[in-house]
Amino acid sequence: MAKGTLSPRQKMINLMYLVFIAMLALNMSKEVLSAFGLLDKKITDANVATTQRNMAFMESLGTKASEQPEQYAAVKQKADEVSAISDNLDTYLEGLKAEMMKTLKPEDADDYEVQDKPDFLDRRFFKGDKLKPEGQEFLDQINKYRTEMLAVLGDTYPDIKSSIEANFSTAKVKNRDGKEIDWLNYNYEGFPLVASKTKLTQLQADIKTTKNELLSKMLAGQQASALSFTQYNTLLEASKSAFYAGEQFDGGIVLGRKDPNTKPNRVELTLDGRPLTSEQYTIQNGKVMLNISAGSPGDHKIEGNLIFLQDEKEVEIPVSLGFATISKPNSAVISADKMNVVYRGVDNPMTVSIPGIPDNKVSASGSGLTKVSGSKYVMRPGTGRTVSISAAGTLPDGQRVNTSSEFRIKDIPAPQGAIRGETGIVRMQRQGLEISTVSAVLEDFDFDVNLNVTGFSFKVSGQPTVRVNGTRLDTAAKGALRRAARGDAVQIFDINAKVAGSTVILKKTSPVIIELTN
C-alpha cells in the first residue's frame, strides 16, 4: 500500500484493510443476490394475481359469448387465440425455470445467496461463441410469440403492439462500451442463477400483463360499440296511439336501441289478453316483429315480458304497449313488403289494400303485377327504372278511392365469391381448401335467391391460372395448390354464377382470397 520498508505492524494493518474490503465486496454480492430473489418472489406473486384476473375474464367472456353469440362470439374467438399464444410461451418459460431449480437442493430454493452460479443457462444455451440448439429454441419461442401476437392484432391497438415489440425484441443490444452484443448473450450469459430466473419471471409478467391489457381493450371496444349512440333511434312514447282533433297530446321522445345483436332469449306476450304463439312474432335486427292481424277497429293492448339472460339469470323487461285500428280511410295503402324498391329477376311480394274496404272490392294494376290472393300480389318488373302501381276501391258510403305509387326498379346486386361459405379474405389450411366448395352469395339481400356456380379461375402466386369447371378444385388446381407455400394468397376469381331457374344476367361476382395457414 506504500513504498519503502514497512514495519510488521503496518503490514498487519494493510492486510486487515484488504480483508475488510473483500468482505464488503462479498456482502454486497450477497445483498444483490437476495435483492434479485425478493424481486422474483414479488413478480411471481403479481403473476398469480394477473393469471387469476385473466381466468376470470375468460370465464366471463365465455358466458357472454354463450348468452349473446352475435355480439361476443368474435371477441371470444380472438381472445382464445391470444390465450393460446400467451400460454405456449408462458408454459415453456415455466418449464425452463423448473429445470433450473432442479440444480439446487430443495432446502436451497429460498436461499438466494447460494444461487450465484451461471452454470445452468451457460451450459444450456451456449457452446463457446455459438448457440446450442436449446439456446436457439429459446430465441425461437420468443420470436414466435411476438410474431403471432402482432399478426392477431393486425392494425389494431398500436400501443399494445409497440409494447410487444419492445418487451419481446431479440435484436442485438449495445453494451456500455457501445459494442453490439447478441440479445441472448447480453441478457443471460454469465449471470447468477437467481438473476436469470428473475428475468424469466419478468418475461412471464410481460406476457400476462399484455394479455390482460389486450383482453380488456377488446371487450371494452365491443361494449363501446354496443353502447354507441349509432345503435339507438328515437321512439315516440304516448298514453295512446290515436288522438282526437284539439285533444291535449301527451307524447314524449325516448331513445330505443336497434342493436341487431341484442335479442331476447324468450318472449312472453299477449294481445288483448290472448297469448301470442311463436308463429305470431319473429326476432329481426334486435326487434320483436309481430306477425298478427290488426283486428277489428278499436284500441288493442300488447302486454307481457321480454326475457334476457344476464350472468346466467333471467331478467324480465316488461312490455305494455297499445295500438289502434281505424276504419274509413280516404286513401289506399300500397307498400312493398321488402323495402321501397322492387328487384328485377325475382318475385317481389306486394300488399295492396284499402283499410275499411274488403279485399275483393279493391283492384290493383301495374306492369308486371299479379294477384295471388286477398291483398297479396307479386311484382315481376320488366324493363325500365320505375314502375307505377294503382289501386282503386269503393267505401261503404259509395265514395270512390283512387291512388297510385311509384317504385324504383333495381337489378340484383353483384354476388360475392365464397369458399366454405366465407367471403373476402379467408384463412384456412390447404387440405380444407382442396375439399371445400366454391359458391356465390348475396349478402344482406332481402330475397332468398338460389345461386348456382358452374366454374371459376384458380390462381396460385407464381403459377399459371387454372380454369376449373364445377364448384371444387380439380386435379390441375390441386397440383398448383400443393406447390404453394405457407402464407401464400390463393385467388379464386371469374366465378360464373347464375340464378337457379332464371335467365337474368348477374353482375360480375367478386373474388375470394385464401391465405394458406400451412
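Descriptive notes on the structure:
- Here the condition is being exposed (fewer than 13 other Cβ atoms within 10 Å of the Cβ), modelled with pLDDT of 80 or more and at positive phi; of GLY95, GLY128, it holds for GLY128 alone.
- Looking at the stretch 57-175, the helices (runs of 4 or more DSSP H) lying wholly inside it that each contain 2 or more residues that are in contact with a strand residue (DSSP E or B) (Cβ under 9 Å, 6 or more places away or on another chain) and not basic (Lys, Arg) sit at 133-153.
- Close Cβ contacts (under 7 Å, 6 or more residues apart or on different chains) running from residues in the stretch 69-94 that are over 13 Å from ARG146 (Cα atoms) to residues that are small (Gly, Ala, Ser) and surrounded by fewer than 17 Cβ atoms within 10 Å (Cβ to Cβ) comprise GLN71/ALA226; LYS76/GLY62.
- Complete set of residues in the stretch 63-92 that are open to solvent by 30 Å² or more (accessible area, probe 1.4 Å) and hydroxyl-bearing (Ser, Thr, Tyr): THR63, SER66, THR91, TYR92
- Filtered residues of the stretch 480-506 (kept if open to solvent by less than 20 Å² (accessible area, probe 1.4 Å) and within 22 Å of PRO464 (Cβ to Cβ)): ALA480, LEU481, ALA484, VAL490, ILE492, ILE495
- If the condition is being modelled with pLDDT of 85 or more and either open to solvent by 60 Å² or more (accessible area, probe 1.4 Å) or within 14 Å of TYR188 (Cβ to Cβ) (or both), then the stretch 99-118 contributes GLU99, MET100, LYS102, THR103.
- Reported count of residues in the stretch 390-405, each being surrounded by 11 or more Cβ atoms within 10 Å (Cβ to Cβ) and acidic (Asp, Glu), is 0.
- The stretch 133-151 - residue that is without any contact (Cβ under 8 Å) to a residue 40 or more places away in the chain and open to solvent by 60 Å² or more (accessible area, probe 1.4 Å) and, of those, farthest from GLY37 (Cα to Cα): ALA151
- Which numbered condition GLY501 misses (of (1) closer than 25 Å to MET350 by Cα; (2) part of a helix (DSSP H, G or I)): (2)
- Count of residues meeting criterion [charged (D, E, K, R) and farther than 30 Å from VAL378 by Cα] in the stretch 432-483: 8
- Boolean, SER66 is closer than 30 Å to ASN265 by Cβ and at pLDDT 85 or above: no
- Put simply, of THR517, THR509 the only residue that is open to solvent by less than 50 Å² (accessible area, probe 1.4 Å) and within 30 Å of GLY382 (Cα to Cα) is THR509.
- Taking the criterion of being open to solvent by 50 Å² or more (accessible area, probe 1.4 Å), touching a strand residue (DSSP E or B) at 6+ places or on another chain (Cβ under 7 Å) and assigned to a helix (DSSP H, G or I), the only residue of the stretch 176-202 that qualifies is TYR186.
- Flag if LEU38 is aliphatic (A, V, I, L, M) and either open to solvent by less than 60 Å² (accessible area, probe 1.4 Å) or more than 26 Å from THR209 (Cα to Cα) (or both): no
- Scanning the stretch 368-389 for residues that are part of a strand (DSSP E or B), free of Cβ contacts under 8 Å to residues at least 24 places away in the same chain and surrounded by 14 or more Cβ atoms within 10 Å (Cβ to Cβ) returns LEU369, LYS371.
- Of residues in the stretch 314-365 being under 22 Å from ASP446 (Cα atoms) and open to solvent by 70 Å² or more (accessible area, probe 1.4 Å), the one modelled with the highest pLDDT: ASP347
- Meets criteria (polar (S, T, N, Q), open to solvent by 80 Å² or more (accessible area, probe 1.4 Å), within 42 Å of the chain's Cα centre (by Cα) and at pLDDT 65 or above) for SER293: yes
- Of the candidates ASP488, ASP446, the single residue that is under 22 Å from GLY345 (Cα atoms) and under 32 Å from the mean Cα position of the chain (by Cα) is ASP446.
- Of residues in the stretch 431-472 being loosely packed, with under 13 Cβ neighbours inside 10 Å and among the acidic types (Asp, Glu), the one nearest to GLU515 (Cα to Cα): GLU443
The values are calculated or read from the model by the stated rules, or taken from the named source; none is laboratory data. As the structure is a prediction and not an experimental result, all values here were calculated from the model. Please note: Cβ atoms are built from the backbone with ideal geometry, for glycine as well, and neighbour counts cover all protein chains shown. Ligands, DNA and RNA are stripped out before the accessible areas are found, and what is left, the full protein with its side chains, is counted by its heavy atoms. Shrake-Rupley method; radii C 1.70, N 1.55, O 1.52, S 1.80 Å.
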